[in-house]
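> Below are the structure tokens for one structure; questions will follow.
A short reminder: the numbers here are calculations on the coordinates, not readings from a lab. All of these numbers come straight from a predicted model, not from anything done at the bench. Note that each Cβ is placed from the backbone with ideal geometry, even for glycine, and that neighbours are counted across all protein chains shown.
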Amino acid sequence: MSRAETPGKILQARLGTADDFMDADDQTTLTYKQACRKAEAWFKEQAEVIHIQATGEKSQQGPYTVAEAMSDYLGDAEKRGVKGLKIMEATIKAHILPPLGALEVSKLTKPKLDGWFHALAEVPRRKTGHPMAEGEEVEYLAPPATEDERRARKDTANRILTNLRSALNLAMKNGKVSSNPVWRDVERFRNVGAARVRFLNVEEQQRLVNVCPPGFRELVQAALFTGCRYGELCRLTVRDFDAKGGSIFVEISKSGKPRHITLTKEATAWFRAITAGKPSGTRLFTRPNAKGKARKDMDDPFAWGPHDQKKAMHSACLSAKIDPLGFHELRHTYASGLVNAGVPLAFVAAQLGHVDTSMVEKHYGHLCPNAKAEAIRKLSPVLRIAKPPKVAPMKLKKKA
């Protein structure tokens with residue numbers, strides 16, 4: 001018989017019968033040692049129940065690892081409704097868990113974390129475009145070669161370090177870790193967050209569209225009309241265009257949150273023309289000259305796939321006599337056009353699918369002063385209250 005006291009009541013449990021008259025079987029008939037072992041396990045079980053009732057979570061069993069810290073961090077982020085949770089989880093699985101996950105948090109050292117952090121800035125970008133299957137070998141793009149590519153990798157390393165720090169700080173706050181927080185001593189890369197954003201003026205946009213071949217031309221036009229990412233455009237169907245409301249619906253975005261993009265009159269008329277007579281489930285954009293052959297990881301052989309746009313974009317830029325730029329910079333072009341026109345940053349962020357204006361301010365904030373001044377002078381109401389005061393002219397006396 002075992003007894004455990006909790007506030008207001010006593011719990012009892014029958015663990016078995018003593019082996020005074022029967023041979024012990026470690027199940028229902030117990031020796032003294034077996035009874036002690038079983039009683040100890042029962043007490044631990046009751047203590048765990050009490051702990052869960054008091055804290056809402058299980059007690060820590062064994063060393064607390066980085067993997068457990070990241071799991072707790074993701075769980076906390078989900079409870080708080082943090083945006084971009086899927087991206088955060090993918091980042092943790094790709095860059096934190098493989099090298100650090102099995103390590104005990106209390107035994108982390110600054111040299112170990114410094115080595116991991118600086119390696120992040122040197123490793124090439126992972127090839128994306130489809131979910132990684134379990135056991136599938138990771139593919140990488142070319143190592144960073146230009147100064148801007150190296151800056152971008154360091155900026156990415158800073159963001160990954162932020163995730164690790166946040167998780168370990170949460171673990172310390174919750175009493176899971178009591179050791180010296182060496183992760184706070186890892187120094188971030190400095191002056192790497194200011195990206196060089198390129199965008200095309202109106203004349204360059206016209207030249208680019210004019211030289212694009214059919215099929216790719218429509219994809220470029222849609223990017224300049226909507227600011228959509230390449231992947232978002234590839235998934236659009238006819239039903240996503242609302243001709244009456246003049247908008248495009250993006251169901252799946254990078255943030256995981258759908259959005260409606262308001263179109264200009266010119267863009268609405270263009271979308272109406274390219275969707276005329278097409279079934280609602282038809283893809284808006286298909287690859288030119290596609291022969292219908294099956295492609296790896298793609299259900300529709302006619303659809304634009306990951307990286308299909310790169311070669312076409314490079315060729316178009318050369319033909320248009322524009323310094324080569326990536327397809328994503330058409331999104332920058334769209335956003336900069338809105339900012340230059342005086343559109344409030346909150347509206348620009350909503351069109352792009354950002355949760356706030358921080359990214360817009362980071363990339364396009366330098367365009368705001370002139371645009372703001374022009375918008376205020378153009379849009380502010382005329383009050384007609386500034387009549388100049390009547391002042392009598394001063395008469396000068398002639399000297400005698």
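> Please give the charge dipole size of segment 202-379, origin at the Cα centre, charges +1 on K and R Cβ atoms and -1 on D and E Cβ atoms. Round to the nearest 20 debye. Please report the intermediate quantities before stating the final value.
On the way: 26 positive and 17 negative charges, 68 e Å.
My answer is approximately 320 debye.
> Report, please, the projected area of segment 215-263 averaged over directions, based on the convex hull of its C-alpha atoms, in nm².
On the way: hull surface 13.1 nm².
Spelled out: convex hull of the Cα atoms, projected over all directions, averaged, 3.3 nm².
> Residue by residue through segment 226-231, what is 3J(HN,Hα) from phi via Karplus (6.51 cos²θ - 1.76 cosθ + 1.60, θ = phi - 60°)? Round to whole Hz and write x for glycine and proline.
Result, ordered by residue: 10, x, 5, 6, 4, x Hz.
> Hey, what does the equivalent ellipsoid look like for segment 202-379, semi-axes from the Cα gyration tensor as sqrt of 5 times each eigenvalue, largest first, whole Å? Could the numbers behind the result be given before it?
Details: eigenvalues 157, 75, 49 Å².
Its equivalent ellipsoid spans semi-axes of 28, 19, 16 Å.
> What's the FRET efficiency of THR162 with ARG37 using the Cβ-Cβ distance as r and R₀ = 51 Å, to the nearest 0.05? Can you show the working numbers first?
Values: r = 46 Å, r/R0 = 0.91.
Efficiency at R0 = 51 Å is approximately 0.65.
> Within segment 239-266, which residues have the backbone N less than 15 Å from the label spot 7 Å out from ARG272 along Cα→beta-carbon, could you tell me?
Only 241-248, 263-266 pass the distance filter.
> Which whole-Hz couplings ³J(HN,Hα) result when phi for each residue of segment 153-166 is put into the Karplus expression 6.51 cos²θ - 1.76 cosθ + 1.60, θ = phi - 60°, listed in order with x for Gly and Pro?
Per residue, the Karplus-derived 3J(HN,Hα) values read 5, 5, 5, 5, 4, 4, 5, 5, 4, 4, 4, 5, 4, 4 Hz.
> Of the options THR226, THR333, PRO344, report the single residue whose Cα projects farthest towards the positive end of the charge dipole of segment 202-379 (beta-carbon charges: Lys, Arg +1; Asp, Glu -1).
THR226
> So which of LYS83/LYS176; LYS110/LYS154; LYS254/LYS362 end up more than 21 Å apart, counting from Cα to Cα? Don't skip to the end; give the middle numbers.
Numbers: LYS83/LYS176 25 Å; LYS110/LYS154 18 Å; LYS254/LYS362 18 Å.
Checking Cα-Cα distances, LYS83/LYS176 exceed 21 Å.
> How high is the FRET efficiency from VAL197 to PHE302, r the C-beta distance, R0 41 Å, rounded to 0.05? Could the numbers behind the result be given before it?
Working: r = 33 Å, r/R0 = 0.80.
E(calc), rounded to 0.05, equals 0.80.
> If one computes P(r) from the Cα atoms of segment 181-236, what percent of pairs lie at distances over 19 Å? Each step should come with its number before you reach the end.
On the way: 813 of 1540 pairs.
Tail of P(r) above 19 Å: 53 percent of Cα pairs.
> Next up: Which order do SER178, SER247 fall in if you start with the one that has the fewest other Cβ atoms within 10 Å?
On the way: SER178 10, SER247 19.
The most exposed by this proxy come first: SER178, SER247.
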